[in-house]
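Reviewing the structure listed below.
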Amino acid sequence: MHSLNKTPTKYQRKRKTTVYPEDDIFISWLERCFKMSTCWSCLLLVASWICFKTHSVSGACESVQYGLDCSYICHCDVANCNGVTGCSGNCQKGWFGPKCTTENVALKKTTYQSSYVPNYTHVAVLAVDGDRRAGGGGFCMVTGENLPYTWWEVDLGRDYYIHKLDIYFRTDYKLRRNGVYIYSSTEANQTNTGHLCGTTTIKSPNITTVICDSTARYITLYRNQTNSDGKSTMDFCEVEVYICDPGTFGDDCSQFCHCLNGPCNYTTGECTGGCKPNWTGTKCDGCDSSQYGDLCSKQCSSRHCDGISSCDVKGTCTNGCDPGWMGTECIEKCSDGQYGKACGKSCVQRNCLDSSSSCNHVTGKCAGGCNRGYRSVDCTELCSDGTYGYNCNASCDDRHCNGNQDCDTLFGTCTQGCLSGWELKDCVVRCHDGTYGPGCKFNCSERHCKGDSTSCDAEHGTCLNGCQPGWKNQSCSVACATSTYGPDCQLSCSQRHCQDEAASCDHVSGSCGGPCKGDWKEIDCTGCTGAYGLGCSSSCSDRHCKADDAPCDHVTGSCGGPCDAGWQGDTCTDKCDTGKYGENCSMPCDARNCSNKDVCPHQDGKCIGGCISGFQGLDCLQVLPQTTDNTDTTVPIIVSVVSVAVVVIVVTIIIVVFLRRRKRSSDKNKADDIIVSEDDTKIKEFRHKHFV
């Protein structure tokens, strides 16, 4: 008896603070595992839970999970578990309801009773063994006889909010169901106290449902009323205590709530802490005005409804879809080959100039325009109002037919010929000087000359300035060979970069007739040469890439690497921002030590007016060496320096004076030598004259 009155353990108290529904389920399973299984099976369960948690975070539900954020577990066969709506039958043992979301928490739990009939001890557990058979002994519990009162109690293991429970009575002893009181409590209780859930009478059904609507750990059935046979014996075959799987509510726990914090009220479904994103209502069971779908995961704005449409849980567009879309939600594009309103138009019935033209699922637009005789975006309307030709861009009134003639929508042909001075089928080109050959049979305008083609020599029609791209021979009337195109037919079709490698090759432009591979551009998918950007308008040589062999993307012009000092941007054509200079424009002008900071060349930041005192270098960032000795010898050092300077100056002066005097002496000696030399000569002449 004392063991029944123990307070919840530390583990049980901690369980009450858990806020994650899936954790409640896991711990409940773990409790059962340690009660009924070996450690190996428990470890396997823990490993499975870790995998479940990890996968649920990644956003893909495992086969046993379902619902919003994969926060629900299917308690049924995997084959009956839908990833969105959950179970549809074949519930696991202990689970009930149309979606297997109702759990019998009394199953296999600890039970006690007040007394036993001889030879029928240990029968208390028969009321929670999951066997509902009501045929009598061996399947049902029974208390002792001739006692003033009897009781039976089950310990659910922890507190639960209990909405209802079912009692399966024996069908052969109806007297014993009379006067049974059902109590719920949070403490062990084998008396007629606690929360009274209900009572039964002799007329109570074999399966009696009792509403508790209370939080309890213990369920007690108590009887002190003797039967007509004078006995208070009590017996029943099964007691099932039901709770809803977290996140569900209702009598059969088949309704779902999506509360922000914790599960909802099991009975009313009310959420007290608000709803998860995209959900609304007191029960958080409806999508907000911007979402729809089974899990409110689809955005109403993603639909393509015709006009204004409400957005119910199915997202149905009440007025149908915009052109190009289909389905009740209008989020599916028209099937291949269809387009337009209700996808009712066929792409093959268009009259595109290019039969392989793509077919927009909304408009059916012919990207290359219409064939002769048709107009409109999808080229399904015949020419009218006196027009003909490609895209109906020629006017019947502009022809010069001989007499009044019909104007067919394809060529506008003048069936009786042209008026004098005009030619071609529709008589819109003057013959004048623009013809050549016998009888004005050939038109100069049919040639493909460079420059003016309205006139030519009458004999051969020679193109004096060469041919237009795509043409060759003397009169430029022969198209390039199949594998060549462009100026002088010098370009090879095999050097293009068409997405369709088998694309035709226009002899003039080399057009692929469709998109290019990757980032290649131009009509012949060969990109730019030495240039980049829209219309090849920017020169690669105008960039300031650091590498001499830097690439030049024909679309972006990117250097694919660093820029020269003072330049920035992918194309290295932007000067450093004001106040910056140097490599990567990383040097701030204000950091220099210039005497004049107003000028800051963006390449090197050179100080035009020199540096302030104490600094040197091109940008005056180098500090001049300074004496760091802080002793009292400063003055003697200065005196010594001055003394040495004075000595140097004096010695210099003495040397200069000495050299000047020496030079003067040398000059004087030279003069004396000259005089002496002259005197010797005179003496010699005198001696020779008078003494020889």
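For the stretch 202-227, filtered to residues that are open to solvent by less than 70 Å² (accessible area, probe 1.4 Å) and assigned to a loop (DSSP other than H, G, I, E, B), the residue that is nearest to V241 (Cα to Cα) is N206. Across the stretch 301-325, the qualifying residues are those that are outside any loop (DSSP other than H, G, I, E, B) and surrounded by fewer than 20 Cβ atoms within 10 Å (Cβ to Cβ), and the one among them that is nearest to the chain's Cα centre (by Cα) is S302. Summed over the stretch 578-612, the residues that are of a type in the set (S, T, Y) and open to solvent by less than 60 Å² (accessible area, probe 1.4 Å) give a count of 1.
Taking the criterion of being at pLDDT 90 or above and in a loop (DSSP other than H, G, I, E, B), the residues of the stretch 180-201 that qualify are V180, T186, E187, A188, G194, T200, T201. Exactly one residue out of G557, G514 is crowded, with 17+ Cβ neighbours inside 10 Å, part of a loop (DSSP other than H, G, I, E, B) and in contact (Cβ under 8 Å) with a residue 40 or more places away in the chain, and it is G514. Looking at the stretch 302-311, is at least one residue basic (K, R) and more than 16 Å from L68 (Cα to Cα)? There is at least one residue in the stretch 302-311 that is basic (K, R) and more than 16 Å from L68 (Cα to Cα).
This table checks each residue for (1) aromatic (F, W, Y); (2) within 55 Å of the chain's Cα centre (by Cα); (3) at positive phi.
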| residue | (1), (2), (3) |
| --- | --- |
| W422 | yes, no, no |
| K425 | no, no, no |
| K441 | no, no, no |
| C449 | no, yes, no |
| P469 | no, yes, no |
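Considering only residues in the stretch 280-295 that are hydrophobic (A, V, I, L, M, F, W, C) and without any contact (Cβ under 8 Å) to a residue 60 or more places away in the chain, the one that is farthest from D245 (Cα to Cα) turns out to be C287.
Condition check ((1) in contact (Cβ under 8 Å) with a residue 40 or more places away in the chain; (2) within 24 Å of Y161 (Cβ to Cβ); (3) touching a Ser or Thr at 6+ places or on another chain (Cβ under 9 Å)) across all residues:
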residue: N178; (1), (2), (3): yes, no, yes
residue: E187; (1), (2), (3): yes, yes, yes
residue: T200; (1), (2), (3): no, yes, yes
residue: A216; (1), (2), (3): yes, yes, yes
residue: T220; (1), (2), (3): yes, yes, yes
residue: S232; (1), (2), (3): yes, no, yes
residue: F249; (1), (2), (3): no, yes, yes
residue: D252; (1), (2), (3): yes, yes, yes
residue: L260; (1), (2), (3): no, yes, no
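Residues of the stretch 282-300 that are of a type in the set (G, A, S), within 23 Å of the chain's Cα centre (by Cα) and open to solvent by 50 Å² or more (accessible area, probe 1.4 Å): S290, S297. Exactly one residue among T380, T387, T409, T363 is in contact (Cβ under 8 Å) with a residue 24 or more places away in the chain and open to solvent by less than 60 Å² (accessible area, probe 1.4 Å), and that residue is T409. Counting only residues that are modelled with pLDDT of 85 or more and open to solvent by 80 Å² or more (accessible area, probe 1.4 Å), the stretch 451-495 holds 5 of them.
Out of Y149, Y112, Y120, one residue alone is open to solvent by 40 Å² or more (accessible area, probe 1.4 Å), more than 29 Å from F249 (Cα to Cα), in contact with a helix residue (DSSP H, G or I) (Cβ under 7 Å, 6 or more places away or on another chain) and hydroxyl-bearing (S, T, Y). It is Y112. Of everything in the stretch 413-450 that is open to solvent by 80 Å² or more (accessible area, probe 1.4 Å), within 17 Å of C463 (Cα to Cα) and not in a strand (DSSP E or B), the residue that is modelled with the lowest pLDDT is D433.
The values are calculated or read from the model by the stated rules, or taken from the named source; none is laboratory data. As the structure is a computational prediction, the values presented were derived from the model and not from experiment. Cβ coordinates were reconstructed from backbone atoms using ideal geometry, including for glycine residues, and neighbour counts include every protein chain displayed. SASA here: full protein model, heavy atoms, side chains in, ligands and nucleic acids out. Shrake-Rupley method; radii C 1.70, N 1.55, O 1.52, S 1.80 Å.
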